[in-house]
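A short worksheet on the structure shown next.
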Amino acid sequence: MITFDHVYKRFNGNVVFNDLVFDVPDGITTVLLGPSGTGKSVFLKMIIGLISPDYGYVWIDDRNIVNLKTKYLYRIREQFGFVFQLSALFDSMSIYENIALPLKMHTQFNEESIYSKVNECLSLVDLEDAGHLYPEELSGGMKKRAAIARALVRDPKYILYDEPTTGLDPRTAAKIENLIIKVQQERKVTSVVVTHDLTSARRVGQYVALLTGGRIAIEGSPEELDESANQELRRFLNEIPQNESLL
Ligand SMILES: Nc1ncnc2c1ncn2[C@@H]1O[C@H](COP(=O)(O)OP(=O)(O)O)[C@@H](O)[C@H]1O
Ligand SMILES: [Mg+2]
């Protein structure tokens, strides 16, 4: 389980987390929803130790990763797949090579096992015929699928998606949402999706939390949130103006 335990973070006086407390449930897809600039990307980077809290702890399976030695941090990171907002594929490598890279860099697998693992992931994301292509030859949606395949190739326990549907047209976004659901079901991963897109949150989230003002304003199943009169949530949904009360 991933736990944010009273986390504080500020950048030059800009408070991003102010006593953030949150447990990411295991084995389902959790969506962290929030307007842009609220700290969603920082949240993901903190989970893999790329950004440290000023105070507080981040627990990954009962281990606090704050100030962990690099050697141990790398071991924790092995359990994570990360899908970056801009897909972050290497342009000079084919899709096959991009996906094989984490295995070549971090494992002792031979060519044959690498070949079979890469192809398994390509087929999971419906890119079985695209391994020889280069990123510039792919559409935005295909790049995103390739990035998901790369995140999965080491069989992670957790997969983190940063704004996976931002910048995609609605049809392509829907395909990526379906893929996120399929990956969670077939690989039994714990998925964390951060997004400002409510439609996406609703489609993929089995558990949803709203990040605003440096902490979680409300969390629960999508149904629970639908029923909630929480003011920050309603405000985020633009149902009430900034300074008007619901009551
Ligand atoms: N490395 C950093 N250095 C300074 N400020 C940062 C850094 N990373 C993020 N921030 C600031 O933290 C806030 C939250 O950023 P971010 O997590 O990227 O927002 P979101 O992903 O929700 O749009 C922003 O104000 C951003 O400018
Ligand atoms: Mg972001």
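The values are calculated or read from the model by the stated rules, or taken from the named source; none is laboratory data. The model shown is predicted, which means the values in this text are computed figures rather than measured ones. As a convention, Cβ positions derive from the backbone with ideal geometry for all residues, glycine included, and neighbour counts pool all protein chains shown.
Structural remarks
- Filtered residues of region 7-21 (kept if more than 23 Å from Asp62 (Cβ to Cβ) and assigned to a strand (DSSP E or B)): Arg10, Phe11, Asn14, Val15, Val16, Asn18
- Pick from region 86-143, criterion in contact with a Pro (Cβ under 8 Å, 6 or more places away or on another chain) and either in contact (Cβ under 8 Å) with a residue 60 or more places away in the chain or among the hydroxyl-bearing types (Ser, Thr, Tyr) (or both), ranking: nearest to Val42 (Cα to Cα): Ser87
- Top-ranked residue of region 159-210 - restricted to ones that are of a type in the set (Asp, Glu) and assigned to a helix (DSSP H, G or I), ranked as nearest to ligand 2 (Cβ to nearest atom): Glu177
- Residues of region 1-47 that turn out to be touching a helix residue (DSSP H, G or I) at 6+ places or on another chain (Cβ under 8 Å), away from ligand 1 (no atom under 14 Å from the Cβ) and more than 17 Å from Ile65 (Cβ to Cβ), as a count: 2
- Qualifying residue in region 50-62 (condition: surrounded by fewer than 16 Cβ atoms within 10 Å (Cβ to Cβ), in contact (Cβ under 8 Å) with a residue 12 or more places away in the chain and under 30 Å from Gly140 (Cα atoms)): no
- Pick from region 188-218, criterion buried (at least 21 other Cβ atoms within 10 Å of the Cβ) and of a type in the set (Ser, Thr, Tyr), ranking: farthest from ligand 1 (Cβ to nearest atom): Thr190
- The criterion of at least 2 residues that are under 23 Å from Glu177 (Cα atoms) is met, among strands (runs of 3 or more DSSP E) falling completely within region 22-96, by 29-33, 80-83.
- Only residues that are out of contact with any Phe, Trp or Tyr (no Cβ under 7 Å at 6 or more places or on another chain), exposed (fewer than 15 other Cβ atoms within 10 Å of the Cβ) and either farther than 17 Å from Gln108 by Cα or of a type in the set (Val, Ile, Thr) (or both) were counted across region 63-80, and they come to 6.
- Unmet criterion (only one of (1) outside any helix (DSSP H, G or I); (2) of a type in the set (Gly, Ala, Ser); (3) modelled with pLDDT of 95 or more) for Ala147: (1)
- The residues of region 130-144 that are assigned to a helix (DSSP H, G or I) and away from ligand 2 (no atom under 16 Å from the Cβ), listed by number, are Pro135, Glu136, Glu137, Gly140, Gly141, Met142, Lys143.
- Restricted to region 81-90, and to residues there that are among the small types (Gly, Ala, Ser) and at pLDDT below 95, the residue that is surrounded by the fewest Cβ atoms within 10 Å (Cβ to Cβ) is Ala88.
- Selection status of Gly13, surrounded by fewer than 13 Cβ atoms within 10 Å (Cβ to Cβ) and farther than 25 Å from Arg145 by Cβ: yes
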